[in-house]
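Each remark here refers to the structure printed beneath this line.
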Amino acid sequence: MRHLKKGKKFHRLTGPRRAFLRNLTKDLIRHGRIETTETRAKAIRPIVERMITFAKRENLTSRRVLISRLQDKAVVKKLIEDVAPRYRERHGGYVRIVKSGKNRKRDGARVAVIEFV
């Protein structure tokens, strides 16, 4: 039984799964929007929204937490200086998932676009 077990595993062990989700998160922050599968988009949405909430605080502690989680100072700088100020007055809901209605050719997975609001 999977009581209190939330989140997808993506057929990966813990370390590779964390790295995979971290890379998707960094790509979304770096580019503003990415095209990926619906399942992956739904998995990274809460991660990205938590990161933006941390970045809105703009203090040293939140910067250090973001660097430890994202492991990329350039992405953290962009998150704090460019992305977070856009959502100063907004209380959540920073990311939108748009289902594109097409399937990936090789495995038939449904494709979605995840982007900042």
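Specify the residue that is farthest from residue 105 (Cα to Cα); the eligible residues are those in the stretch 1-38 that are among the polar types (S, T, N, Q) and open to solvent by 60 Å² or more (accessible area, probe 1.4 Å).
Ranking the qualifying residues of the stretch 1-38, first place goes to 14.
Can you list residue pairs whose Cβ atoms sit under 7 Å apart, with the first residue in the stretch 90-117 being on the phi < 0 side of the Ramachandran plot and the second being aromatic (Phe, Trp, Tyr) and surrounded by fewer than 10 Cβ atoms within 10 Å (Cβ to Cβ)? Count only pairs 6 or more apart in sequence or on different chains.
Filtered contacts from the stretch 90-117: no entries.
Criterion first (among the β-branched types (Val, Ile, Thr) and open to solvent by 30 Å² or more (accessible area, probe 1.4 Å)) does residue 98 satisfy it?
Spelling it out, residue 98 is indeed among the β-branched types (Val, Ile, Thr) and open to solvent by 30 Å² or more (accessible area, probe 1.4 Å).
Just to be sure I understand the filter: pairs with C-beta atoms under 8 Å, separated by 6 or more residues or on different chains, first member in the stretch 63-78 and more than 16 Å from residue 50 (Cβ to Cβ), second member among the hydrophobic types (A, V, I, L, M, F, W, C). Which pairs pass?
73/67; 78/29
Can you name the condition, by its number, that residue 21 falls short on among (1) touching a residue at least 40 places away in the same chain (Cβ under 8 Å); (2) under 10 Å from the mean Cα position of the chain (by Cα)?
(1)
The values are calculated or read from the model by the stated rules, or taken from the named source; none is laboratory data. Fair warning: this is a prediction, and the values are worked out from it, not measured in the lab. Virtual Cβ from ideal backbone geometry, glycine too; neighbours counted across all protein chains shown. These area figures cover heavy atoms from the full protein model, side chains too; ligands, DNA and RNA do not enter into them. Shrake-Rupley method; radii C 1.70, N 1.55, O 1.52, S 1.80 Å.
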